[in-house]
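Here's the structure, in structure tokens; my notes come after.
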Amino acid sequence: MVRIIADEFLSEERDRKLYADQYTCCPPPLFILCITLIELGFFTYYWVAMGEVSPSGPVPIDSVFIYRPDKRQEVWRFIFYMVLHAG
């Protein structure tokens, strides 16, 4: 995969080899760690608040995090509903 990306974006062979040789995925990118922690935080919140969490529900319809078209003025709903995986 690293070789494919290097071939696609880097024009010189020397740069491709250098990129492939120096690439490492350890530690993971900071963005992935942050998103994972945010999702775990949401999961923990609903686990404590609802008492149970399962892949099939219950869907938290009255939550401040779920997207509702009638509450468009609450901008955070556009962002937080992406990390809320319930129901």
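The values are calculated or read from the model by the stated rules, or taken from the named source; none is laboratory data. Here the structure is a predicted model, which is why all the values come from computation and not from measurement. We place every Cβ from the backbone using ideal geometry, glycine too, and count neighbours over all the protein chains shown. Areas reflect the complete protein model, heavy atoms only, side chains present, ligands, DNA and RNA absent. Shrake-Rupley method; radii C 1.70, N 1.55, O 1.52, S 1.80 Å.
Here are the numbers for the structure shown:
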{"item": "Heavy atoms of residue 82: accessible area, 1.4 Å probe, square angstrom to 10", "result": "110"}
{"item": "Point-to-point label distance, residue 22-residue 7, nm (Cα→Cβ direction, 7 Å offset)", "result": "2.2"}
{"item": "Positive minus negative residues near residue 3 (Lys, Arg vs Asp, Glu; Cβ under 12 Å)", "result": "-2"}
{"item": "Modelled FRET efficiency - R0 22 Å, residue 78 with residue 39, Cβ distances, 0.05 increments", "result": "0.85"}
